[in-house]
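Okay, so here's the structure we're looking at.
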Amino acid sequence: MKINLANIKKAKKLLIKSECIGIPTETVYGLAGNAYSDRACKKIFKLKKRPKNNPLIIHYYNCQKLKQDCYYNEDFYKLYKNFCPGPLTFILNLKKNTKVSKIATNNKNTVAIRFPKHPIARSLLKVLKFPLAAPSANLSSRVSAVCYSDVKEDFGKKIKFILNGGRSSIGVESTIIDLRNKPKILRLGGLEISSIQKVLNKKIILKNNPSKISVPGQLKLHYSPGIPIRLNVKKIKHNEAFLLIKKIKNKTKPNYYFLSKNGNLKEAAKNLYTTLRKIKKNKYKSIAVTKIPNKGLGRTINDRLKRASKF
Ligand code: TXA
Ligand code: MG
């Protein structure tokens, strides 16, 4: 991908002034601001209408730049070497003298951090003297943005600039792992647990549905297109949009939406949010979803649809 350096320069200028901008990442687009600036972080919460107790993910260029803000251990390093930059977010302990805004972390002594792989995000992070706080660029509890026009749709003129990096190649948010003690997955995402398991070679706990909700990303209603969703449907109702995992030959109708050609789960994840937005735009009042295989990225798709169905 060719990087437009004039746009990177413009983005840098705005970020230095504590403005918020839209940035592309390989998972979903982020609403980015200077993570060391209280003013910028406050703006992010306001723009997203995000509850103050839901901390922001901080994006770094590399682990060298991370050292001044957090502690990390051997497990972190193994995963970093294998998967970063990429769709994996780590929960780590913050250092006492960290410069990360307390607004961003909601005064916690832990922080969520990630190294995005998208070339535009990387070339921006490389020229900045600070990391970027960047939650997904959507209004709180709604479907994440996976292209320029999605961000525009949610924020319009309220943000001054969006870097256009095309469609996000993964299309669902990063997997979140807490590495402070025993490795614990807090959110299923773009990196499969089996890949993480192979590298760490130890038991990984899945805790993305705790009885006590500790992280708003684990909230039941989330990723919602704003209309009801029914899961594992065999027979649809009148006027419903039908969301299918793969194309069915000679059986397609205008209200049928396919996540992939042949049932490829990566392709389906990539198309998930765009398809949900499309169905909403086409004015359907509800969505019926067929059964989606609960393996690989299918688990992430099911997780998102389940939360979106609590409408
Ligand atoms: O792929 C992604 O992760 C995208 C791109 C833009 O990087 N970002 C994203 O951000 O999905 P967001 O804010 O929508 O989701 C981040 C999640 C939230 O559910 C938040 O509660 C959780 O990370 N989180 C942030 N800080 C945390 C902490 N200290 N401990 C546990 N969870 C935390
Ligand atoms: Mg989000």
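Any idea which of Ala121, Ala145 is under 23 Å from Tyr72 (Cβ atoms), at pLDDT 95 or above and either among the aliphatic types (A, V, I, L, M) or part of a loop (DSSP other than H, G, I, E, B) (or both)? Show your work before the answer.
Working: Ala145 fails: under 23 Å from Tyr72 (Cβ atoms).
Going through Ala121, Ala145 in turn, just one is under 23 Å from Tyr72 (Cβ atoms), at pLDDT 95 or above and either among the aliphatic types (A, V, I, L, M) or part of a loop (DSSP other than H, G, I, E, B) (or both): Ala121.
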Residue in the range 106-127 that is nearest to ligand 1 (Cβ to nearest atom), counting only those that are of a type outside the set (Val, Ile, Thr) and surrounded by 20 or more Cβ atoms within 10 Å (Cβ to Cβ): Ala112
Conditions (1) loosely packed, with under 11 Cβ neighbours inside 10 Å; (2) modelled with pLDDT under 95; number of the one not met by Ile227: (1)
Only residues that are under 24 Å from the mean Cα position of the chain (by Cα) and either among the polar types (S, T, N, Q) or buried (at least 19 other Cβ atoms within 10 Å of the Cβ) (or both): list them for the range 269-285, please. Ala269, Lys270, Asn271, Leu272, Tyr273, Thr274, Thr275, Leu276, Arg277, Ile279
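Go through the range 196-214 and count every residue that is of a type in the set (A, V, I, L, M) and at pLDDT below 60. Give the steps one after another, and end with the answer.
Start the filter on the range 196-214 by keeping residues that are of a type in the set (A, V, I, L, M), which leaves 196, 199-200, 204-206, 213.
Right, trim to at pLDDT below 60 and you get 213.
Qualifying residue count for the region: 1.
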Failed condition for Pro116, given (1) more than 15 Å from the chain's Cα centre (by Cα); (2) within 16 Å of ligand 2 (Cβ to nearest atom); (3) part of a loop (DSSP other than H, G, I, E, B): (1)
Please work out which residue is nearest to ligand 2 (Cβ to nearest atom), limiting yourself to the range 81-105 and to residues that are crowded, with 17+ Cβ neighbours inside 10 Å and assigned to a loop (DSSP other than H, G, I, E, B). Pro87
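The values are calculated or read from the model by the stated rules, or taken from the named source; none is laboratory data. Keep in mind that what you see is a predicted model, and the values were worked out from it rather than measured. Neighbour counts run over all protein chains shown; Cβ positions are idealised from the backbone, glycine included.
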